[in-house]
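K.L.:
First the structure, then my questions, so here it is.
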Amino acid sequence: MSKWNMIIDVAECTNCNLCTLSTMDEYVGNEFPGYSAPMPKHGHKWVDILQNERGQTPMIDVAYMATMCNHCDDAPCIKAAKNGAVSKRDDGIVLIDPVKAKGQRQIVKACPYGSVYWNEELEIPQAWTFDAHLLDQGWKQPRCGQSCPTAAMRAVKVSDAEMSRIVDEQDLEVLKPELGTKPRVYYKNLKAFTHCFIGGTVSQE
């Protein structure tokens, strides 16, 4: 069976924040029954851009990395949830039921990536749904991938075997692999964000 995965190229991200804004545009004030309750106007960034600035003037390197719900195959949020409030679909997407999850703040704390947010007004945990409501309508990309001007973010729906081949071929990595959560969000050129920046100058007399 084909399953959804997200591939993010850190080297191509320019911090334009269109992925963040398009996600907010989709969810703020909008309810999608069976998928998600409205996203608050403030305090939530279901798709967020992290910045890592290294070096000092005049030699500075800045890298950007998009983060979101990882839709893990072994998701801690599913284990923490009661009454089946969090479930994983056959296509790999993890959804938090906005009705069953009411009052279950432990779901927020269970996410080791900090990608689940607490909606204080509705008293529910919330996370990026992979735009499942749009994909179920036939969309080929979630809005965040569709809006990315550098193609740094793109979703692919392939079998697990094919995804393993892509991971090896493109040298993709996941965040915090030591946790064993089996994320479905993969990163290309992750070292551009996580590793040290080394620079220097050469002079000749």
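The values are calculated or read from the model by the stated rules, or taken from the named source; none is laboratory data. Being a predicted model, the structure only gives us computed values, none of them experimental. Neighbour counts are summed over all protein chains in view; Cβ atoms, including those assigned to glycine, are modelled from backbone coordinates with ideal geometry. Ligands, DNA and RNA are stripped out before the accessible areas are found, and what is left, the full protein with its side chains, is counted by its heavy atoms. Shrake-Rupley method; radii C 1.70, N 1.55, O 1.52, S 1.80 Å.
K.L.:
Along Cα→Cβ, 7 Å out, is where each label goes; now give me the distance between the ones at V167 and T14 in nm to one decimal.
P.N.:
3.1
K.L.:
What percentage of all Cα-Cα pairs in the range 1-71 are separated by more than 20 Å?
P.N.:
It works out to 45 percent of all Cα pairs.
K.L.:
Right, next: Against the globular-protein guess of 2.2 N^0.38 Å, express the Cα radius of gyration of the range 60-127 as a ratio, rounded to two decimals.
P.N.:
My calculation over the Cα atoms of the range 60-127 gives 1.21.
K.L.:
Something else about it: Given the rule -39500 (n - 2.57) for each run of at least 4 DSSP H residues, summed and divided by the residues of the chain, what is its mean residue ellipticity at 222 nm, to the nearest 500 deg cm²/dmol?
P.N.:
Computed ellipticity for the chain at 222 nm equals -5000 deg cm²/dmol.
K.L.:
Sticking with this one: How high is the relative contact order of the range 89-179, given as a whole-number percent (alpha carbon pairs under 8 Å, six or more residues apart)?
P.N.:
17
K.L.:
Which ³J(HN,Hα) values in Hz, rounded to whole numbers, follow from the phi angles of the range 127-143 under the Karplus curve 6.51 cos²θ - 1.76 cosθ + 1.60, where θ = phi - 60° and Gly and Pro get x?
P.N.:
Listing the rounded values in order: 8, 4, 8, 6, 6, 4, 5, 7, 4, 5, 8, x, 4, 8, 9, x, 4 Hz.
K.L.:
Excluding residues fewer than 8 places away in the same chain, name every one of the aspartates and glutamates whose C-alpha is closer than 12 Å to that of K140.
P.N.:
Result set, ordered by chain and number: D131.
K.L.:
Project the alpha carbons of the chain onto their principal axes and report the range along each, largest first, in whole Å.
P.N.:
73, 39, 31
K.L.:
Between E31 and M1, what is the label-point separation in nm under the 7 Å Cα-to-beta-carbon projection?
P.N.:
Placing both labels 7 Å beyond Cα along the Cβ direction yields 2.9 nm.
K.L.:
May I ask you to list the GluC sites (Glu not before Pro) in the range 77-173 that are in a DSSP loop and have at most 11 other Cβ atoms within 10 Å of their Cβ?
P.N.:
Those satisfying the criteria are E120, E121.
K.L.:
Amide H to amide H under 5 Å from Y186: which residues, 5+ apart in sequence or cross-chain, H placed 1.01 Å off N in plane?
P.N.:
So Y186 has HN proximity to M6, I7, I8.
K.L.:
Now for a different question. Based on the Cβ-Cβ distance of L122 and D74, what FRET efficiency does E = 1/(1 + (r/R0)^6) give at R0 = 30 Å, to the nearest 0.05?
P.N.:
0.65
K.L.:
Could you sort W118, W4, W128, W139 by their accessible area in this structure, using a 1.4 Å probe and putting the largest first?
P.N.:
Correct descending sequence by accessible area is W139, W118, W4, W128.
K.L.:
Excluding residues fewer than 8 places away in the same chain, name every one of the aspartates and glutamates whose C-alpha is closer than 19 Å to that of K188.
P.N.:
In chain and number order, the partners are D9, E12, D48, E53, D61, D160, E162, D168, E169, D171, E173, E178.
K.L.:
Can you run phi through the Karplus equation (6.51, -1.76, 1.60; θ = phi - 60°) for the range 36-50 and list ³J(HN,Hα) in whole Hz, with x for Gly and Pro?
P.N.:
Computed from phi, the couplings for the range 36-50 are 6, 8, x, 7, x, 5, 10, x, 10, 9, 4, 10, 10, 10, 8 Hz.
K.L.:
With each label point set 7 Å from Cα along the Cα-Cβ vector, what nm distance links L21 and V62?
P.N.:
It works out to 1.6 nm between the two label points.
K.L.:
Here's a follow-up. Charges on Cβ only, +1 for Lys and Arg, -1 for Asp and Glu, centred on the Cα centroid of the chain; of W46, V86, A152, which one is farthest towards the dipole's positive end?
P.N.:
Looking along the dipole axis, the top candidate is V86.
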